[in-house]
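**Q** Got a structure for you, written out below as structure tokens; questions coming shortly.
The values are calculated or read from the model by the stated rules, or taken from the named source; none is laboratory data. None of these values were measured; they are calculated from a predicted model. Heads up, the Cβs are rebuilt from the backbone with ideal geometry, glycines too, and the neighbour counts pull from every protein chain shown. When the accessible area is computed, the model is the full protein with side chains, heavy atoms only, and any ligands, DNA or RNA have been set aside. Shrake-Rupley method; radii C 1.70, N 1.55, O 1.52, S 1.80 Å.
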Amino acid sequence: MTQQPSMTSDADVRARVESLLTELTTPEKAGQLTQYFYLGFIRNEVADGAPSQPELVEAALTRGGVGSLLFLMDPAEINRLQRLTIEGNRLDIPALVGFDVIHGFRTIMPVPIAMAASWDPSIIEQGQAVAAREARSVGIHWAFAPMVDLARDPRWGRIIEGAGEDPYLASSVAAAQVRGFQGARLGSAERVVAGPKHFAGYGAALGGRDYDESNISDAELWNTYFPPFKAAIDAGAGTIMSAYMDLNGVPAAGNRWLLSDVLRDRLGFNGFVVSDAQAVHDLVTHHFAADLSDAAGRALHAGNDMEMTFADPAFDHLTAAVEDGRVSVETLDDAVRRVLAIKVRLGLFEEPYVDEDTAAEVLADPAHREVAKMAAQRSAVLLRNEGALLPLAVDQLNSIAVIGPLADSPRDTLGPWVFNYDLAETVTVLDGIKARVGDGVRVEFAPGVRPAQRRYPSMFDMWPDNSPVDPADFDDDDEVAKAVELAASSDVAVVVAGEWQNMIGEGASRCSLELPGRQLELIQAVVATGTPVVLLIMNGRPIDLRWPAEHVPAILDIWYPGTHGGHAVAALLFGDDSPGGKLPFSWPRTGGQVPIIYNHTRSHDPENQGRRYWDIESTPLFPFGYGLSYGRFRYHDLTLSSDSVSPDNTITVSATVTNSSGRAAEEVVQLYLHQRYGTSSRPVRELKGFERVAVEPGASVTVEFTVGPAERSYWSAATHDWVIDASVFDVWVGGDSTAGLQATFTVTPA
Ligand code: NOJ
């Protein structure tokens, strides 16, 4: 068990940091600001005689040139490298060990976009606390997460790592994740430092193409893209990662306005900034810096404190940059202070090593699997349920056909951005259904179609099971026929379709949102049998579901549900629990509609659909905040504490939701706000409050929200500042962004 560091007062931390700083030489300081990948698995893959990447890193360790390491996950290996670090460092300064702990370490939680779909900050916090405990047990101190980039273009593969399109929801999710990773404070036992990323605007990549430039107006930056970072900073995040791309023509990693004026001065961040991998080198790639030395000086000056690199750090040039005056000693020292302060706060000097037996116990903890199962249950979104096909009554079924290659693929069940998982313990949808129904029901599986393949390789292909195996001797027509036959001879067909996990994530943008491969054809053939069909969607972004949304009676979005995903899905299918998740993005009908967001502004001829697109409706297939339930909810009694307030005042809004069904269920009660006129034109509605509540059968729950200056203030391009207008406001409360229960209030002039 990691001990609470003994020395945690701010004054103690400062004193320890200052005393170390006075002892450090300039190259040693640059070393503290350098973070190396340690790619042990490519040890042997280099030409004869040349040092391998790990050998280069170990050489740097022995000369005190490393402040941090990343991409390690084995406790024995981490202990070994930590020992080399300390022995190689004159002042015994340990390395901070970082890793992409994105949605679990050994126990894999649903992917981040799924966790956001739970609209449940408490399960999000618990999920990241489990991830933190597992990671810390093996010697990892720092997670490169949460990714708090707003994403409004689902072609961008990294939409899966975030919380969707809305700044209010994303801010709440960001804060919950930081609390989960870090605990009550930096240095809490069994927790890690959180690293919100990528500051800022990465999610607005042009055309959804990963790493491409973002051009974002100031109003959008302040109102949409910065708020989740602000929430993460207010929750105490210890580090921030800068972003890869050009923001409005200046690389984010070289952008002093962004990393210093905004991040530190305006948003109040006082931890340290790490660059993204090779992003300091990229300042040359961007045609921004002249060479690596120029890049190093400008990256540090802009506000990156640490460089993340594979080998050949640009920050090796910092000594020269200080000597020739391009970087001041004060700037260098401030960066080193911030890095050392985190090491001291975490107690690394007192306890740099971990106990391998304890790590094994922590990783095997069954309680962690329970959290993963609960998270998967809470994040699933019921998109359609015609004729109340769901939940299935197990005692009325003799046979279930489980169809689609994703139904029994452990690796895909986990989703992207995981490395230390255990496929043997991963519960697929097929496993989960079999376990839930027992021997009395015949459950048979037919893949129907072969796994679809990416056109270009994935950057994660170096991991053995990243890309799906194309089965030998697989006759597509035959297999579709077998699946159809199975469906025809079963009481119900559960079809799992979506994207293979290597089709989404970093470097996995798509121009189309269609179901890859022959999956739609398979669904159509199964539906044609007349057997009732439940479609489970495995995804991290919206998929073109126009055909299924008209022809398949039940559709449940299960995302990539994680280690115990199959158990969670079975619990929902058979009604042990009701789906209660809600969409964190507007679900487009087709890729040509993106980006499509609910909180757009209003302009000329708003009611005339045909003036938006003449070939398709301009509404999404499913709206933001949408999700059905086995309960039946009715909203009523919207009450305002006052119908007129002054700009500084707050009103209380309450509404009641009644569950008229015979089943207990949970509902996410959502509050939307709209300002009718003011300094800027304002979105048609904006989420400004939500609460996930449990409602017993026949019972009612009243939910209260506050709408004060914070909910009404916004950054206006007319004044280049924050404003709170006197105006008339509409408020809606309901179960999604089309909520109809409405009231009005006035904010009078001050
Ligand atoms: C690049 C990604 O953009 C970033 O999110 C990740 O944390 C680093 N690589 C480290 O793997």
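**Q** Looking at the calculated P(r) for segment 414-528, what percent of the C-alpha pair distances fall above 23 Å?
**A** Roughly 40 percent, rounded to a whole number.
**Q** Something else about it: How would you classify segment 10-360 from its alpha-carbon gyration tensor, with a ≥ b ≥ c the square roots of the eigenvalues: rounded for a/c under 1.5, else prolate if a/b is greater than b/c, otherwise oblate?
**A** rounded
**Q** Let me ask another. 7 Å from Cα along Cα→Cβ at both ALA481 and VAL284: what's the point-to-point distance in nm?
**A** Computed distance between label sites ALA481 and VAL284 equals 6.0 nm.
**Q** Then there's this: Quick one: of LYS197/LYS373; LYS434/LYS482; LYS197/LYS582; LYS373/LYS482, which pairs are farther than 22 Å apart, Cα to Cα? Intermediate results must be reported in sequence, preceding the final value.
**A** Details: LYS197/LYS373 27 Å; LYS434/LYS482 20 Å; LYS197/LYS582 24 Å; LYS373/LYS482 32 Å.
LYS197/LYS373; LYS197/LYS582; LYS373/LYS482, as the Cα separations exceed 22 Å there.
**Q** Follow-up. Under a crude label model (7 Å from the Cα following the beta-carbon direction), how far is ALA15 from GLN524 in nanometres?
**A** Once both label points are built, they end up 7.5 nm from each other.
**Q** Of TRP142, TRP547, TRP257, which has the most accessible area with a 1.4 Å probe, and how do the rest follow in descending order?
**A** On the way: TRP142 0, TRP547 70, TRP257 100 Å².
From most exposed to least exposed: TRP257, TRP547, TRP142.
**Q** Working with all protein chains in place, sort HIS604, HIS141, HIS286 by solvent-accessible area computed with a 1.4 Å probe, largest first.
**A** HIS604, HIS286, HIS141
**Q** Turning to a different aspect of this structure: Quick check: Cα centre of segment 601-665 to Cα centre of segment 686-750, how many Å?
**A** 11 Å
**Q** Angle between the Cα long axis of helix 476-488 and the longest principal axis of the chain, 0 to 90 degrees, nearest 10?
**A** Approximately 50 degrees, to the nearest 10.
**Q** How high is the relative contact order of segment 377-584, in percent, counting Cα pairs under 8 Å that sit 6 or more residues apart?
**A** In percent, rounded to a whole number, it is 39.
**Q** If you don't mind, there's one more thing I want to ask. If I model a spin label at SER713 and SER122 as a point 7 Å from the Cα along the Cα→Cβ vector, what separation in nanometres do I get?
**A** Calculated label separation equals 3.0 nm.
**Q** Give the angle, between 0 and 90 degrees and rounded to the nearest 10, that separates the Cα long axis of helix 53-62 from the longest principal axis of the Cα atoms of the chain.
**A** 40 degrees
**Q** Could you work out how far the C-alpha centroid of segment 531-593 sits from that of segment 266-318, in angstrom?
**A** Using only Cα atoms to place each centre, the spacing works out to 41 Å.
**Q** Related question: Kindly express, to the nearest 10 degrees and within the range 0 to 90, the angle between helix 292-302's C-alpha long axis and the longest C-alpha principal axis of the chain.
**A** Computed tilt is about 70 degrees.
**Q** For segment 472-568, what's the relative contact order in percent, using C-alpha pairs closer than 8 Å and at least 6 residues apart?
**A** Values: 109 pairs, mean separation 29.6, N = 97.
Relative CO of segment 472-568 lands at 31 percent.
**Q** To the nearest 0.05, what FRET efficiency results for SER603 and ASP261 with a Förster distance of 30 Å applied to their C-beta separation?
**A** Given R0 = 30 Å and the Cβ-Cβ separation, E is 0.40.
**Q** OK, next. Using a Förster radius of 51 Å, what is the FRET efficiency between ASN215 and ALA189 based on their Cβ-Cβ separation? Nearest 0.05, please.
**A** 0.70
**Q** What residues of segment 94-116 lie in the reach of a label at GLU425, counting those whose backbone N is under 20 Å from a point 7 Å from the Cα along Cα→Cβ?
**A** 100-112
**Q** Taking every pair of alpha-carbon atoms in the chain, give the share separated by more than 35 Å as a whole percent.
**A** Here the long-distance tail beyond 35 Å is 46 percent of all Cα pairs in the chain.
**Q** Which order, highest average first, do 432-440, 670-678, 401-409 follow once you tally other Cβ atoms within 10 Å for each residue and take the mean per peptide? Show your work: numbers first, answer last.
**A** On the way: 432-440: 16.6, 670-678: 20.9, 401-409: 26.9.
Ranking the peptides 432-440, 670-678, 401-409 by packing returns 401-409, 670-678, 432-440.
**Q** I would also like to ask the following. Sort segment 377-584 into rounded, prolate or oblate with this rule: let a ≥ b ≥ c be the square roots of the eigenvalues of the Cα gyration tensor; rounded if a/c is under 1.5, and if a/c is not under 1.5, prolate when a/b is larger than b/c, oblate otherwise.
**A** Here segment 377-584 falls in the rounded category.
**Q** Count the DSSP beta bridges whose two residues both fall in the chain, then state the antiparallel fraction as a percent rounded to the nearest 5.
**A** 55 percent
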